[in-house]
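The values are calculated or read from the model by the stated rules, or taken from the named source; none is laboratory data. On a predicted model such as this, the values are computed, not experimentally measured, just so you know. No Cβ is skipped: glycine too gets one built from the backbone with ideal geometry, and neighbour counts run over all protein chains shown. The accessibility values were calculated without ligands, DNA or RNA, using every heavy atom of the protein model including side chains. Shrake-Rupley method; radii C 1.70, N 1.55, O 1.52, S 1.80 Å.
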Amino acid sequence: MRIGPASLSMLFIVWLLTYCSLLFSQTSSLHGIDLGDLDRKAEPCTDFYEFANGTWRANNPIPASMTRWSKRWAAGESSKDKLREILEAASADKNARQGSTEQIIGDYYGACMDETRVNAGGMNPIKPWFAKIDAARDIAALQQGMAEMHDILVQVPFALGSQQDPHKPSWVLADLGAGGLGLPDRDYYLKAEPRFKQAREKYVEHVTAMFKLAGWDQKSAAAAAQAIMSMETKLAEASLDNVALRDPSATDHNTTFVQLQAMAPHIDWTIYFKHKQIPTDVDMNVDQPKFMQEVDRQMQQTRLADWKVYLKWQLLNSTASSLSAPFVEEDFAFKGKYLSGTTEMKPRWKRCVESTDQLLGEALGQKYVEKYFPPEAKARMQEMVRNLLAAMRDDILSRPWMSDDTKEKAMAKIATFNPKIGYPDKWKDYSHVEIRRDAFFDDMIAGRKFVEEDDRVTIGKTVDRGRWGMTPPTSDAYYNPLLNEIVFPAGILQPPAFDMNAVDAVNYGAIGVVIGHEISHGFDDQGSQYDYLGRLRDWWTESDLKDFQGRAACVVDQFDHYYIEKDIHHNGKLVLGESIGDLGGAKISYLAYRKSLEGKPLPADIDGFTPEQQFFIAWGQFRGDATRPEAQRLMVQGDPHPIAKFRVIGPLSNLPEFKNAWSCKTDASMVRPEDKRCDVW
Ligand SMILES: [Zn+2]
């Protein structure tokens, strides 16, 4: 056929139609929120948590091996399927060179999966450690044993690690931290409520059971458990509680070597520092001097035999999950079942994936991002972070209560925010870690030694800003006030947090609020105490600080009134930072989303929901989860994060933007009365 002008114009029309439909399909293929998750029986203005994800929760009960469940947790678990594939392939690779990433992660995983061999070994792998403890004839030998246990991350009862100097954050200090408790925190030892009393009884039974598995008779196992309980109770009395620990100045004690010797004279610090290969003139911080004094008192007054029992217990407690099945099961019965409420252990492959991630995280993470982290995701995140930081800037500048002086300092802090997205620029070198296919316990020890050394060698040096505090597959994010950095590992950059195929309203409602949350941590009860260079330094005018603290007190009061059970409510002071983060995060992400629409036509409603409504539903669907009662109790006691329900209801009920988006009445439950409405950022 001859192509004349008519057919040319036909071709043009066909091209135009195709092009337009391509264009159209590109926008229309972007999806909104998940309609199937909504519970339409619930009223958004009455119970938004139920409305946003009630049907999802009803249809997706918490799996027996999990303490919490939501789309986000499900995504985190399915990342483990991907890691499993990587590890199985590495493990099957017979030609992997010794010291290569494939050999290290493959053999680690392979050895972990060799359950028959692990079970046949019983408690053999831990016997040499026990023998060494038994051989200690005096306090000096005992302290040598303690130092060696610190090398494998067993805190008996203190630990040495690195910490940025809060007064000169470019410098890394040696930090002596408090630890050494087998129950979750000090309150478990000291509080009179029946649930804590019961936990103490169960703990003593558990310690007894573990020693019996290790071959002891009932009488000596029970006596050991009592001795341990009494030592740990004294340590707990000398420890700060979870709320006190939120105050950075409570753990800020610059200490010289001579002062340390005076603080705890019955520990031979010269030998200890020599063992750790750290010079005694190192810059040092002691988190809890009172705790160290108690350790010293026990060094002097507790029988050597009891110290030995204590060391054995802490070692057993810390490594039980790497021993044979009876130890793994008893460890799970106490921590997994009794304390957290799960009824089933995770399958072995998943526990082995998690162990590899914990100890060889960047080796495994490197393989993960090669396969599963598209560069486009990084670009889109960078743009969102830029928009969120701009929104935070606008938000702070618009605050009438804050003086220009403080605003200027806040602007400087925003200007130095450092976002890290996906994975580190430089990977850790694992090539010297010796991993063998036939010795899982030793591999675990080698992995721990790597983690300890990798941290310790940074002490007494200029800070390395490239280091990451989470591994790339982690489905989480963090803010570090000393580096003024917000960090988003590749693992969180997937649905439901982040979705390349979702409309902006959904991404701003989910990952946008997460970004805003991390930015707001820079200005929460803790973050606000650090300046633009990460120094622990007051940069606020007195009246601005007072105003800020009054606003924070509103959030404390709000969460103090959120009950998880009849007698158990959130501790507002404990969850303050996270709640300021959620409130600020929702607010500034909403602002950033509105700003991103400037000069563009307003996006159409999708499935009957306005873009604003989609934004809030996305937060409810990302954040909402179901949590077991036992795990909720643990969270309320020790976790600075509120439970999911209140992370949805809490911030949104403070926002006029939410009320407007859903046309809620002023007296609706999702709208806090004006005189109680909290507004921080
Ligand atoms: Zn947070």
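Please go through the range 273-297 and give me each residue that is in a helix (DSSP H, G or I) and buried (at least 19 other Cβ atoms within 10 Å of the Cβ), ordered by number. Of everything in the range 273-297, those that are in a helix (DSSP H, G or I) and buried (at least 19 other Cβ atoms within 10 Å of the Cβ) turn out to be PHE273, PHE291, MET292, GLU294, VAL295.
Matching residues to (1) within 16 Å of the ligand (Cβ to nearest atom); (2) buried (at least 21 other Cβ atoms within 10 Å of the Cβ); (3) over 25 Å from the mean Cα position of the chain (by Cα); (4) at pLDDT 95 or above:
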{"site": "GLU542", "(1), (2), (3), (4)": "no, no, yes, no"}
{"site": "TYR563", "(1), (2), (3), (4)": "no, no, no, yes"}
{"site": "LYS566", "(1), (2), (3), (4)": "no, no, yes, no"}
{"site": "LEU583", "(1), (2), (3), (4)": "yes, yes, no, yes"}
{"site": "ILE588", "(1), (2), (3), (4)": "yes, yes, no, yes"}
{"site": "ALA592", "(1), (2), (3), (4)": "no, yes, yes, yes"}
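Consider LEU533 carefully, then state whether it is modelled with pLDDT of 95 or more, aliphatic (A, V, I, L, M), more than 16 Å from the ligand (Cβ to nearest atom) and open to solvent by 60 Å² or more (accessible area, probe 1.4 Å). No. For first residues located in the range 61-82 and within 16 Å of LEU364 (Cα to Cα), partners that are among the β-branched types (Val, Ile, Thr) and not in a helix (DSSP H, G or I) and lie 6+ apart or on another chain with Cβ distances below 8 Å do not occur.
Would you mention how many residues in the range 333-343 are in contact with a helix residue (DSSP H, G or I) (Cβ under 8 Å, 6 or more places away or on another chain) and in a helix (DSSP H, G or I)? Selection size over the range 333-343: 4. For the range 165-194, a residue qualifies if it is touching a Phe, Trp or Tyr at 6+ places or on another chain (Cβ under 9 Å) and outside any strand (DSSP E or B), and the qualifying residues are PRO166, GLY179, GLY180, LEU181, GLY182, LEU183, ASP187, TYR188, TYR189, LEU190. Look at the range 277-290: where a residue is farther than 10 Å from ALA174 by Cα and a partner is in a loop (DSSP other than H, G, I, E, B) and of a type outside the set (Gly, Ala, Ser), sitting 6+ places away or on another chain with Cβ atoms under 7 Å, you get GLN288/LEU240; PRO289/HIS253.
Being in a helix (DSSP H, G or I) and over 18 Å from MET392 (Cα atoms) holds for only one residue in LYS587, LYS546, LYS600, LYS573, and it is LYS546. In the range 481-511, which residues are more than 14 Å from the ligand (Cβ to nearest atom), in a loop (DSSP other than H, G, I, E, B) and open to solvent by less than 10 Å² (accessible area, probe 1.4 Å)? Result: ASN484, PHE498.
Assigned to a helix (DSSP H, G or I), closer than 30 Å to ILE492 by Cα, open to solvent by 30 Å² or more (accessible area, probe 1.4 Å) and without any contact (Cβ under 8 Å) to a residue 24 or more places away in the chain - does that describe any residue in the range 298-320? Checked against the condition, which is being assigned to a helix (DSSP H, G or I), closer than 30 Å to ILE492 by Cα, open to solvent by 30 Å² or more (accessible area, probe 1.4 Å) and without any contact (Cβ under 8 Å) to a residue 24 or more places away in the chain, the range 298-320 yields no hits at all. Of all residues in the range 614-631, those satisfying the criterion of being surrounded by 21 or more Cβ atoms within 10 Å (Cβ to Cβ) and in a helix (DSSP H, G or I) are GLN614, PHE615, PHE616, ILE617, ALA618, TRP619, GLY620, GLN621, PHE622, ARG623. Looking across the range 466-480 at every residue that is within 12 Å of the ligand (Cβ to nearest atom) and in a loop (DSSP other than H, G, I, E, B), the one that is least open to solvent (accessible area, probe 1.4 Å) is identified as ALA477. At least 1 residues being over 17 Å from GLY447 (Cα atoms) and not small (Gly, Ala, Ser) is the threshold, and among the helices (runs of 4 or more DSSP H) wholly inside the range 100-143 those reaching it are 115-121, 127-135. Looking at the range 512-520, is at least one residue within 16 Å of the ligand (Cβ to nearest atom) and assigned to a strand (DSSP E or B)? Scanning the range 512-520, I find no residue that is within 16 Å of the ligand (Cβ to nearest atom) and assigned to a strand (DSSP E or B), so the answer is no.
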